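A short worksheet on the structure shown next.
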């Protein structure tokens, strides 16, 4: 039996694995695809830390910015833990040879927080909602560079990897998690892995909004859904963040770092209409209202010097040319908001242990550690996955293990056999596409009760039709259709949780904006809670 099983190989999973391996633990990482294909590699803008390399800054100001953006829904103690750990987190990544962009050391104001000369030369830029430039970056490949560096160090540390293992369910017994059941894509069979502690690092659920998200296909919240089925509680599921600047049509991200470097938002007439570096919820709503009124909105990179653009944003320049067929040096890029981040997830305590069940930890986007609240600051997500991935691993390994349970969870093989045996008439790919459109329209940037209830009815209808939704591919080995069907089931379960939580929160707060309840209300200044009882989702 492993000391620690980590499910997910993004920044959270790899940080936790390296921390555990360095401590001498027997640790393994299971992941749905390959270790370096995680969502982390798509993070462009940067990772926050109050280093003060560009102008004076402090962890206290970082904390204040984070709490302000959270609109009263964050746990100040957890925010303090996150922000105060940020300089040490960057120092740790620097030692792992993450190739951060650098500035001329002669132009760097000395920060009393920094003892390392190497840290004093890390470049920083300002992202939305931040009072100072504090996002450390590696051109516009920040997440990718961090992920690659972590993976290299994990290989050196001897971490075991189980790639192409799709999470089917957690192994649970008597209110305790003891590992997980996976579908091994290459072998076409169930692979069960037991562990004294299990850490979910499976990412968010942005692909619920299929076709309207900056997330990769497969970001279906598998770990969150499995935790809910096993008895864990979820919180703040209504809080879905829309990034203001995705390319119209493709939903490919143009990083907030572009606006931090001087890019502007303009309407049809070339006029600026909002503060480009305001909190993401405010900027996204301003853009949405323009588009909803029949106008187009553009991100204009031309105020940024050409040399700066080529040096700092080579990836985004290439994506604009490839997918929008636009030369950003000559004309602005048409943009629209797209789903980018799940602020809600598995409800965890200050140790990052899941509430409602023993033996389970969660960190990163799949968890709700109550540091983002109603609106996440750009740059805080990469910080959270590294800092809290390491913290979760330490806490999981330090927690005394209890004896295995006796009442086992349902046999995962029977669930898979039932799916293979179905003779259905519904196409899950078609339904998933329609679901994405419905959620974007009815549970999007601006919401109201009638639309949300209509969306919930449609979700219930799709869940009722699951028994009549079959696989066209019945092969066992390398069956991509089975993996995507399991993702579809998870998406429907979490879509119901999102809709219920959004209906429960009868107010507007941060990224949850209701036209029928446009004000914040004191009675809702707390997280929503979602649980599963007798097979039914309940939110309060």
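Quick notes on this structure:
- Consider segment 500-540 and keep the residues that are in a helix (DSSP H, G or I) and in contact with a strand residue (DSSP E or B) (Cβ under 9 Å, 6 or more places away or on another chain). The one that is nearest to residue 420 (Cα to Cα) is 500.
For every residue, the table says whether it meets (1) in the same structural domain as residue 485 (by TED's automatic domain parsing); (2) at pLDDT 95 or above; (3) part of a loop (DSSP other than H, G, I, E, B); (4) surrounded by fewer than 24 Cβ atoms within 10 Å (Cβ to Cβ).
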| site | (1), (2), (3), (4) |
| --- | --- |
| 202 | no, yes, yes, no |
| 211 | no, no, yes, yes |
| 218 | no, no, yes, yes |
| 224 | no, yes, no, no |
| 227 | no, yes, no, no |
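- Helices (runs of 4 or more DSSP H) (entirely within segment 362-460) containing at least 1 residues that are buried (at least 16 other Cβ atoms within 10 Å of the Cβ), in the same structural domain as residue 496 (by TED's automatic domain parsing) and touching a helix residue (DSSP H, G or I) at 6+ places or on another chain (Cβ under 8 Å): 412-421, 428-442
- Which numbered condition residue 506 fails, given (1) touching a helix residue (DSSP H, G or I) at 6+ places or on another chain (Cβ under 8 Å); (2) closer than 20 Å to residue 430 by Cβ; (3) surrounded by fewer than 19 Cβ atoms within 10 Å (Cβ to Cβ): (2)
- Within segment 277-309, the residues that satisfy the criterion of being surrounded by fewer than 15 Cβ atoms within 10 Å (Cβ to Cβ) and either touching a residue at least 60 places away in the same chain (Cβ under 8 Å) or farther than 13 Å from residue 257 by Cα (or both) are 292, 293, 294, 295, 296, 303, 305, 306, 307.
- In segment 313-340, residue surrounded by the fewest Cβ atoms within 10 Å (Cβ to Cβ) [restricted to those that are farther than 20 Å from residue 243 by Cα and touching a helix residue (DSSP H, G or I) at 6+ places or on another chain (Cβ under 9 Å)]: 327
- Among the residues examined, residue 295 does not qualify as over 23 Å from residue 375 (Cα atoms) and either in a helix (DSSP H, G or I) or in contact with a helix residue (DSSP H, G or I) (Cβ under 8 Å, 6 or more places away or on another chain) (or both).
- Qualifying position, being touching a helix residue (DSSP H, G or I) at 6+ places or on another chain (Cβ under 8 Å), surrounded by 24 or more Cβ atoms within 10 Å (Cβ to Cβ) and either closer than 30 Å to residue 168 by Cβ or not assigned by TED's automatic domain parsing to the domain that holds residue 512 (or both), among 14, 67, 5: 14
- Residue match in segment 310-322 (condition: at negative phi and touching a strand residue (DSSP E or B) at 6+ places or on another chain (Cβ under 6 Å)): yes
- Unmet criterion (only one of (1) in contact with a helix residue (DSSP H, G or I) (Cβ under 6 Å, 6 or more places away or on another chain); (2) under 24 Å from residue 439 (Cβ atoms); (3) not in a strand (DSSP E or B)) for residue 346: (3)
- Odd one out for residue 175 among (1) touching a strand residue (DSSP E or B) at 6+ places or on another chain (Cβ under 9 Å); (2) surrounded by fewer than 19 Cβ atoms within 10 Å (Cβ to Cβ); (3) within 30 Å of residue 264 (Cα to Cα); (4) touching a residue at least 40 places away in the same chain (Cβ under 8 Å): (3)
The values are calculated or read from the model by the stated rules, or taken from the named source; none is laboratory data. On a predicted model such as this, the values are computed, not experimentally measured, just so you know. Positions of Cβ are backbone-derived with ideal geometry, glycine not excepted, and every protein chain shown enters the neighbour counts.
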